[in-house]
Amino acid sequence: MTVPAASVQAVDVSIAAQADQLVALYKDIHQHPELGFMEVRTAAIVADALRELGFEVTTGIGRTGVAAVMRNGDGPTVMYRADMDANAVAEASGFDYASTVRVVREDGTESPVAHMCGHDAHVVWMLGTARFLAGHRELWAGTAVLIGQPAEEPITGAKAMAADGLYDVIPKPDHFIGIHTAPLPVGTVVSAPGVLMAGTDQIDVTIHGVGGHGSMPQLTKDPVLMAALAITQYQSIVSRTITPQETAVLTVGSVQAGADNNVIPASALIKANIRWFDESVREKLLHGIRAITDAIAAAYEVPDALRPQYTLKGGSTPLVNDAGLAGRLADTFASVLGEHAVIRDFPPVTGSEDVHLLAGPHEDIDFTYLIVGVADPAACAAARARGELFPYSAHSPDFVVDLDAVPLGARLASYAMLELLQR
């Protein structure tokens with residue numbers, strides 16, 4: 001099936017009429033980013049907009065999640081998720097709508113906040129699609145379920161919503177889609193079958209020692225030194241315990257210890273992240289982190305009462321696209337944008353997502369995850385000329401959503417929903 005020409009035209013007219021409004025909303029959300037489970041303002045924007053359009057809206061699912069349902073006669077139920085949270089990154093774009101927000105996090109630390117992964121665009125794409133669906137009920141039939149998900153970045157929001165009664169307020173979907181930005185040229189869309197993204201775990205390692213004066217380290221058990229040794233030795237887990245043919249990534253994203261130059265602190269915190277496609281690789285990575293850290297603590301004669309502590313936080317399994325659904329949507333996009341704009345074969349990446357965990361206990365839902373290019377084509381061409389794959393990466397201070405991608409993403413999402421809900 002493909003979307004009829006008249007319906008495609010209706011989408012194009014509707015989104016074109018909304019374009020200025022969508023860009024203005026994008027800039028507003030971009031200027032007011034919120035970290036995971038702090039998305040109070042963004043969730044309110046989503047809930048208010050969907051309620052005004054006639055959706056049945058439930059808020060506060062998984063703390064700040066939003067679920068909205070619109071029933072339009074007999075037909076399939078299609079769920080579409082947009083994540084809402086931002087990153088603890090300082091933006092370097094220089095735009096007049098750049099974020100200057102700083103917040104105090106739950107652990108008491110202060111950090112910058114910016115949408116350096118495109119979730120602001122995700123929210124706007126979903127709201128543009130919602131406005132189209134609400135205004136053109138004659139073109140589709142069934143039930144549309146729209147989800148504003150919190151806390152994708154820490155990989156905890158989808159599980160939180162599913163565990164907090166999501167399926168008490170929405171029907172089980174027949175089809176489920178998610179959409180994400182990528183630094184590919186604007187006008188490009190990826191709809192590929194099979195394994196698309198890696199599994200992941202976030203792990204905090206707390207190394208305890210004995211603090212004291214920096215001038216007398218022999219009277220202490222220095223957790224900073226132990227953390228430094230652990231971090232360097234962690235890299236041997238991938239290079240020396242994982243089969244070279246397997247994919248594994250271990251990254252330390254944060255080290256927190258002490259405050260003064262001349263004070264050896266009593267503890268150090270390592271925030272690590274692992275990526276994997278095979279469960280056995282995951283187990284080797286987690287075991288290696290524990291074994292190395294415990295051995296270092298033992299070598300420095302840390303008492304048993306002060307042995308390292310390990311906290312597994314967010315985690316997700318690999319993301320796998322349903323082949324039939326991915327192919328169906330690829331055909332839809334090709335019929336509208338041309339085959340040149342559609343990438344049907346995309347190698348698995350070591351980025352991760354928790355979107356598919358919104359399915360909760362329902363393992364038989366057809367699911368696919370789409371990737372939409374948001375980079376200026378000229379910037380992409382310049383990057384290729386320099387021998388670089390992309391002009392910038394997600395989570396970097398330089399990440400940019402080209403404003404032309406704002407209405408285009410809403411169009412693509414609308415085509416996808418129409419394809420799955422068409423009469």
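The values are calculated or read from the model by the stated rules, or taken from the named source; none is laboratory data. Please read these numbers as outputs of a predicted model, since none were measured by experiment. Cβ coordinates were reconstructed from backbone atoms using ideal geometry, including for glycine residues, and neighbour counts include every protein chain displayed.
Taken over the range 60-91, the criterion of being among the β-branched types (V, I, T) and under 20 Å from the mean Cα position of the chain (by Cα) is satisfied by I61, T64, V66, V89.
Going by the conditions given, is D204 outside the structural domain of A375 (by TED's automatic domain parsing), at pLDDT 95 or above, more than 30 Å from L403 (Cβ to Cβ) and among the charged types (D, E, K, R)? Yes. The residue of the range 64-84 that is surrounded by the most Cβ atoms within 10 Å (Cβ to Cβ), among those that are polar (S, T, N, Q) and in a strand (DSSP E or B), is T77. Of everything in the range 85-117, what is part of a strand (DSSP E or B) and β-branched (V, I, T)? Give them in sequence order. Once the filter is applied, which keeps residues that are part of a strand (DSSP E or B) and β-branched (V, I, T), the range 85-117 yields V103, V104. Residues in the range 294-303 that are in a helix (DSSP H, G or I) and not hydrophobic (A, V, I, L, M, F, W, C): D294 only.
Conditions (1) farther than 17 Å from D366 by Cβ; (2) in contact with a helix residue (DSSP H, G or I) (Cβ under 8 Å, 6 or more places away or on another chain); (3) without any contact (Cβ under 8 Å) to a residue 12 or more places away in the chain, marked per residue:
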{"position": "Q149", "(1), (2), (3)": "yes, yes, no"}
{"position": "M161", "(1), (2), (3)": "yes, yes, no"}
{"position": "D168", "(1), (2), (3)": "yes, no, yes"}
{"position": "F176", "(1), (2), (3)": "no, yes, no"}
{"position": "G187", "(1), (2), (3)": "yes, yes, no"}
{"position": "M197", "(1), (2), (3)": "yes, no, no"}
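Within the range 128-139, residues that are touching a residue at least 40 places away in the same chain (Cβ under 8 Å) sit with their Cβ atoms under 6 Å from residues that are outside any helix (DSSP H, G or I) and of a type in the set (G, A, S), at 6+ positions apart or across chains, in these pairs: L133/A144; A134/G54.
Quick one: in the range 252-267, which of the residues that are touching a residue at least 24 places away in the same chain (Cβ under 8 Å) and in a strand (DSSP E or B) is surrounded by the fewest Cβ atoms within 10 Å (Cβ to Cβ)? This residue is V263. If you take just the strands (runs of 3 or more DSSP E) that sit entirely in the range 304-423, which of them hold at least 2 residues that are within 22 Å of A82 (Cα to Cα) and among the hydroxyl-bearing types (S, T, Y)? Here the list reads 366-375. Checked against the criteria, V46 does not count as surrounded by fewer than 19 Cβ atoms within 10 Å (Cβ to Cβ) and either touching a Pro at 6+ places or on another chain (Cβ under 7 Å) or modelled with pLDDT of 95 or more (or both).
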